[in-house]
1. Tell me the Kirkwood hydrodynamic radius of chain B in angstroms, computed as one over the mean inverse distance between distinct C-alpha pairs.
2. Would you mind counting up the charge near B:Gly265? Only other residues with Cβ under 9 Å from its Cβ, with Lys and Arg at +1 and Asp and Glu at -1.
3. Order A:Val447, A:Val508, most accessible first, counting only protein heavy atoms with a 1.4 angstrom probe.
4. Roughly how many debye, to the nearest 20, is the charge dipole of region A:28-103 about its Cα centre, given +1 on each Lys and Arg Cβ, -1 on each Asp and Glu Cβ, and no other charges?
5. Among B:Arg60, B:Arg346, B:Arg159, which one moves the most in a GNM of chain B with springs linking Cα atoms closer than 10 Å?
6. For A:Arg473 paired with A:Glu200, estimate the spin-label separation in nm (one decimal), with each label point 7 Å from Cα along the Cα-to-Cβ line.
7. With a 1.4 Å probe and every protein chain left in place, work out the accessible area per residue of region B:214-253 in Å², rounded to a whole number.
8. What shape does chain A have by the C-alpha gyration tensor, where a ≥ b ≥ c are the square roots of the eigenvalues, rounded means a/c under 1.5, and otherwise prolate means a/b greater than b/c and oblate the rest?
Amino acid sequence: MHYDQARWTEDEDRYEPLLSEKDATAVSTDDSPLPDDLTRDSLELPALSEPELARHYTRLSQANYGVDSGPFPLGSCTMKYNPKFTEALAGDARAALHPDRPEETAQGTLAVMHRLQDCLGRIGGMDAVSLQPPAGAAGEFAGILVAKAYHEENSDDERSEVIVPDSAHGTNFASAAMAGYDVVELASDDDGRLDLAALEAAVGDETAALMLTNPNTLGLFERDIEAIADVVHDAGGLLYYDGANLNALLGRARPGDMGFDIMHFNLHKTFATPHGGGGPGAGPIGVTEELAEFLPRPQVREAERSEASDGASGSERSERHASHETPTAGRSLEESEREPSEARRHASREDGDSSEEYELFEPEHSIGKVHGFQGNWQVLLRAYGYIARLGDEGLRDASAKAVLNANYLAEQVDFEVPFGPFHHEFVASAGDRDAADVAKRMLDYGVHPPTTKWPEIVPEALMTEPTEAESKRTLDQLADAFDAVAAEDDETLATAPQSTAARRIDQVAAAREPRLSWRSLD
Amino acid sequence: MTDHSRAAGESRGTPYAPHTPETTAAMLSAVGADSEDDLFDIPEPVAFDGEFGIEARSERATRRHVEGLLGRNDDLTEFLGRGHYDHYVPAVVDDLASRSEFLTSYTQYQPEVAQGFLQALFEYQSMLVELTGLDVANCSMYDAATALGEAATLSQRVRSVSGDRVLVPDALREGKRAVLENYADGPGVAVETYPTDDANADLDGLEAALDDDVAMVYAENPTVRGTIEENLGEIGDLADDHDALFCLGTDPVALALLSEPASVGADVVVGEAGTLGVPAAYGTGHGLFVTREDYLRQVPGRLVGAAEDESGRRTYTLTLQTREQHIRRERATSNICTNQAWLALRTAIHAAWLGPDGLLDLAESCVTEARDLAERLDVVEGVRAPVHDRHHFREFVARTDRPAEAVRADLAEAGYAVHAVGEHEIQVCVTETTADDADGLVAAVEEVA
């Protein structure tokens, strides 16, 4: 399965120069239609023909590894295959509206958003969803602001702390701090899970929220979740669900049913939109009914809603949430949307020609905004396409295969895998080897290595998430790469990689003397 | 039968897992489980055995469904701006950025196999450095509003004396202000306004609002009403006199022509980088963030640096990661993690495709097209344009005798979208994508004004 990159190290001439090394040109602004005191003097940028540009970026792409190149088992990043048809959807000219379009002229866009809000609510067991946050971390920030607004609305102003387990994503700590909270870190129990006794000792009148990932970053389900929820709620705090690992639970468990009050979804992870070298993503948040009034503005809802139908739909869902009961057969999207307006609806769902009207609205005590407009809309569109394609069975099966793949791979690797049983990802320990060296050597076997040295609970961690997209054959080859590296000597690991476009990069020197633009190069 | 099934009779599941029933069985056997259900370690009380009620569709049917929904959007010619701009994105951007090695990759945690993306991001940073004259551009902000929020919190961290106010123009777009207030809330910063005069900064008013507890002064060029700010140097001086940071909001097209931020004393430049490379995707943005080297260690988000590998070759890597949330956690410069890299790639390709000539031409057309359209609307009875006696970039405000909302609605009926920004004020934005439609807009305004 060797993934061949352009081997510039072996051939000096194939090294891809910077744009600025090809042809930079300066132009003067003297002939501009503005007076000189409002303009710059000149502008110097590279000037290339389109053919040169096409080769430049094509060659750069060849020096880059993606999911379509080979397995990409970065734990907690959920690098799964992204269906190609969602790209076609995202490129649809009818989706490319200006965000200030009057809502009556943007009904198609709002219809997609409304359906996505509804689907995410069902999947998360949440009563209301806002699609605005443009990334998972932005969702965390928005969610914590919702918690803060809730406490303030209840004149519960003394809550100054957010509790975060030590295994949590680093963004949890940063997001809570950004919102003005002191972060209380909770050490994990010996079994890698949240330590209930430590939680009981940590919560109190100052607790605004507990942020929890379930399954956690060790891939372990927090089995005490009901007790955890009780402890937090009894103290007057709220329970926040970090959705980064939701791919492990689709159709198996829902944060709302577990007692979570607020959650974010990582659409780019769970619902398969390409990660694009690190974004754009989308981090919608879901909340229980009592927190809905605090969501960011604007949100989308059906216009001309009759009070009766709205009330029925809302209360049914909140009852389900409150009692932790699950219906044996949920109503289909189509059914629930049809009920309020049966007479007006005439077209089939397949062509989406619904006559339902949608409008934007501001929740009563909205926290305001966490994005200038509506977040990363094209990601929302891709995610909706993915959900609409898979449906209940497909989503449930995606989780099943993700969990199966992680368990299978963990069984095959020669490194020790502490803790368990795990779900969609596992953390192996490189033991007395340097996890970073292990990762570099894996590159020589043509595969992308796992996330390294995190979470810190496991020494020399190799945090591995194969996702559902990998076949047994690929997992076997990935395991072979792990095992081959495990058997090699330290010297081989320390001098890896040997077969990639670039050899081992000195990141310490790069940080010591930062060179961040071509102006800073010799 | 939909195209879900790879084999006749197989039960439907995700079409994107390669497993056959045989391999699934073999894998289950290898891990000692009887079924996939056995692998889930979920206590019964919180297990979900219901259904979402989402019906699966074939790929063809899904596309038809979503395209059907999107087909409900009205086909309007948009003369809309106010911080979000539609410029023509050349086909080469879509084509090259869609190469799957770019599109399906992740954050460059293993730089040895991510040199392509890292170099592209380094080039993106470099072009922003050229455009602003400042030293450090990051490549990971969500949009103009969140970049402004990050600038405000940066000003708090870098300022030598404590200050807890940031000043923004009273005409700041409401959405931007709402985001800024959320960012400012945590560190306890107050967002306050200074007055504008004929859409540009009122220097006397700004001076009166300034005090030594101001951490940052924010101004835009062009302003939200499309005017070109004439007093940037003075605003920078006033901020400097009070040891406050001067933060300038702009975009890469405007930067090609308008005063270089470094020359007017800007300490931070924020704005919308997605004016290049990103279509008007219902607000999908890409934040611009450039600052002085002095604040390097306080910059939020991702930075790509040049490095050397063992063979001595120049390479690229994510750098200064000790600022970031995965290392510093609650002491990080921000919670910014992975986000807009692919959009930065698109901006870089678009900027490189235009080159200096093309970019300058585009910027100049933003001045001339707006000026020409304003002149044409000004002669329409019942319309005066532009309202502000200023130079304009892309957009301008026009006064209408009829209520602006009625004019806006009638224009939408006629197939044209403009903003209603006051009781008798509409705002019109024209770029090269709508310049050819200006005749139609003028004719429509003649009908409805």
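1. Details: mean 1/r = 0.0405 Å⁻¹.
About 24.7 Å, per the Kirkwood formula over Cα pairs.
2. Details: positive: none; negative: B:Asp237, B:Asp240, B:Asp267.
Taking every Cβ under 9 Å from that of B:Gly265, the sum is -3.
3. Details: A:Val447 0, A:Val508 90 Å².
My answer, sorted largest first, is A:Val508, A:Val447.
4. Details: 7 positive and 13 negative charges, 171 e Å.
In debye, rounded to 20, region A:28-103 gives about 820.
5. Of B:Arg60, B:Arg346, B:Arg159, the Gaussian network model singles out B:Arg60 as fluctuating most.
6. Once both label points are built, they end up 5.4 nm from each other.
7. Details: 870 Å² over 40 residues.
Per residue, region B:214-253 has 22 Å² of solvent-accessible surface.
8. Numbers: a/c = 1.62, a/b = 1.20, b/c = 1.35.
The shape class here is oblate.
The values are calculated or read from the model by the stated rules, or taken from the named source; none is laboratory data. On a predicted model such as this, the values are computed, not experimentally measured, just so you know. Counting neighbours? That spans all protein chains shown, and the Cβs are built from the backbone with ideal geometry, glycine included. These area figures cover heavy atoms from the full protein model, side chains too; ligands, DNA and RNA do not enter into them. Shrake-Rupley method; radii C 1.70, N 1.55, O 1.52, S 1.80 Å.
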